[in-house]
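Visitor: The structure that follows is given in the form of structure tokens.
The values are calculated or read from the model by the stated rules, or taken from the named source; none is laboratory data. Predicted, not measured: the structure shown is a model, and the values here were computed from it. Note that we place each Cβ from the backbone using ideal geometry, even for glycine, and neighbour counts take in every protein chain shown.
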Amino acid sequence: MKNILLLTVIAVSLGLALPVSAQNVPAPAPMDFGPREILTIVSNNTPHVFSIEVADTQPELSRGMMFRKDVPANEGMLFEFGEEKVASIWMKNTSVFLDVIFVRADGRILKIEHSAKPFSLRSMTSEAPVTAVFEIAGGQANALGIRPGDILQHSYFTKAP
């Protein structure tokens, strides 16, 4: 404890940024993403049903799954961009492993980043235009056999460009 206190005093006196764990800053209050919706991924003719939150406003898209303590199985978050673009995601302030699924306008999975590392600042990119990203608990895509080319079924993909 003395070492942490000493390091904190030295860092503050030198104007250095402290890691979040040393700052002892509480996480922001949860955001209201609205009512949950249902999303189905069809993989090898098998439907996998998820209860999801939808991020479709700029504050929701920016916040995403940050500050979550866990992501239960068969739950997730759909990031709706409203346009096709090369998407980039990072794990800043995200304390859980996530599978990051990049989705084309027709609902087809383009790419999956498996078990993205918590708190990483590494940018994960779709590498081609997508209209959405779907995030689920890390390891769940492999456990369910979800692969690029599989289809997400949700009302957004009938509206997407």
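The rows are residues; the columns are (1) buried (at least 17 other Cβ atoms within 10 Å of the Cβ); (2) aliphatic (A, V, I, L, M).
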site	(1), (2)
Glu83	no, no
Thr125	no, no
Pro129	no, no
Phe134	yes, no
Ala141	yes, yes
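Visitor: Could you pull out the residue among Ile89, Ile101 that is buried (at least 18 other Cβ atoms within 10 Å of the Cβ) and modelled with pLDDT under 95?
Guide: From the options Ile89, Ile101, the qualifying one is Ile89.
Visitor: If you don't mind, another one. Counting only residues that are modelled with pLDDT under 90, surrounded by fewer than 11 Cβ atoms within 10 Å (Cβ to Cβ) and either polar (S, T, N, Q) or farther than 25 Å from Gly82 by Cβ (or both), how many does the range 24-68 have?
Guide: So the count comes out to 4.
Visitor: Determine which member of the set Pro72, Pro47 is assigned to a strand (DSSP E or B) and either touching a strand residue (DSSP E or B) at 6+ places or on another chain (Cβ under 6 Å) or more than 26 Å from Pro129 (Cβ to Cβ) (or both).
Guide: Pro47
Visitor: Scan the range 50-69 for residues that are aromatic (Phe, Trp, Tyr) and not in a strand (DSSP E or B) and jot them down.
Guide: Phe67
Visitor: Give the residues of the range 100-110 that are closer than 13 Å to Leu152 by Cβ and either among the hydrophobic types (A, V, I, L, M, F, W, C) or assigned to a strand (DSSP E or B) (or both), sorted by residue number.
Guide: Ile101, Phe102, Val103, Ala105, Arg108, Ile109, Leu110
Visitor: Here's something else I'd like to know. Can you find even one residue in the range 119-131 that is within 20 Å of Arg68 (Cβ to Cβ), assigned to a strand (DSSP E or B) and hydrophobic (A, V, I, L, M, F, W, C)?
Guide: Checking the range 119-131: at least one residue is within 20 Å of Arg68 (Cβ to Cβ), assigned to a strand (DSSP E or B) and hydrophobic (A, V, I, L, M, F, W, C).
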